[in-house]
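The values are calculated or read from the model by the stated rules, or taken from the named source; none is laboratory data. Since we're looking at a predicted model, the values are computed, not measured. Using ideal geometry, Cβ is built from the backbone for each residue, glycine included, and neighbour counts are taken over all protein chains shown. Calculation scope for accessible area: heavy atoms of the full protein, side chains included, ligands and nucleic acids excluded. Shrake-Rupley method; radii C 1.70, N 1.55, O 1.52, S 1.80 Å.
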Amino acid sequence: MSRLLIARIVAVSLLMFVVSACGWHLRGAVSLPRQLERPMVTGVDETQELIPLVEQRLVEAGGVPVSDAASASLTIELQTVEYRRQTIAVDQEGRPLTYQLIYRLGYRYYQPDLVDKAKSGQVTASINYQYDSNQVLSKSAEEVRVKKQLQDDLALRLLQQLSVRLGANED
């Protein structure tokens, strides 16, 4: 083999080692601890639209959501949801130019037969977007799209947070 080929192989091997050692992973990838392999996701009325998104993210990560508490490895209860829009910039006439959309989800989780030892958490997702008062219809449609994006981001952040919390408790 030529020295150039050997140098390339060594460089690529070293790069792969460094990237894997730093904890790098694909955006949206979640490594599930065993407690999240067969979870049940429930929620109050105001969180119902988020449940399918959380279950979809669980499936993408290798989990199998169940609908029966007896067969669940963990129950995740979506308890509160808050969506708000706040103005962060205005023009000279006081009309909004930029909004910040904030989505906050409160939850608790517990293992079967350990409801009294439930732990709580909260995840938040936010984004800023430009607003043009001359394009009200297109901007309201954009806000709906952004809200859906934030919901998906909340589902991902919830799983990431639970994975870290539960992974820390594994033996």
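Quick notes on this one:
- Segments classed as strands (runs of 3 or more DSSP E), wholly inside the stretch 73-171, with at least 3 members that are among the aromatic types (Phe, Trp, Tyr) and either under 18 Å from residue 58 (Cβ atoms) or at pLDDT below 90 (or both): 96-110
- Condition met for residue 55 (assigned to a strand (DSSP E or B), surrounded by 14 or more Cβ atoms within 10 Å (Cβ to Cβ) and acidic (Asp, Glu)): no
- Within the stretch 92-122, being open to solvent by 70 Å² or more (accessible area, probe 1.4 Å) and basic (Lys, Arg) holds for 95, 117, 119.
- Number of the condition not met by residue 89 [criteria: (1) open to solvent by less than 40 Å² (accessible area, probe 1.4 Å); (2) without any contact (Cβ under 8 Å) to a residue 12 or more places away in the chain; (3) among the hydrophobic types (A, V, I, L, M, F, W, C); (4) under 18 Å from residue 33 (Cβ atoms)]: (4)
- Filter result (assigned to a helix (DSSP H, G or I), under 15 Å from the mean Cα position of the chain (by Cα) and within 12 Å of residue 159 (Cα to Cα)) within the stretch 34-50: 36
- Number of the exception - residue 84 against (1) of a type outside the set (A, V, I, L, M, F, W, C); (2) more than 16 Å from the chain's Cα centre (by Cα); (3) crowded, with 17+ Cβ neighbours inside 10 Å: (3)
- Considering residues of the stretch 58-74 that are in contact (Cβ under 8 Å) with a residue 40 or more places away in the chain and touching a strand residue (DSSP E or B) at 6+ places or on another chain (Cβ under 9 Å) only, the residue surrounded by the most Cβ atoms within 10 Å (Cβ to Cβ): 58
- Looking only at the stretch 4-37, and only at residues there that are out of contact with any helix residue (DSSP H, G or I) (no Cβ under 7 Å at 6 or more places or on another chain) and not hydrophobic (A, V, I, L, M, F, W, C), the one that is modelled with the lowest pLDDT: 25
- Of all residues in the stretch 62-118, those satisfying the criterion of being among the basic types (Lys, Arg) and within 19 Å of residue 155 (Cα to Cα) are 84, 104, 108.
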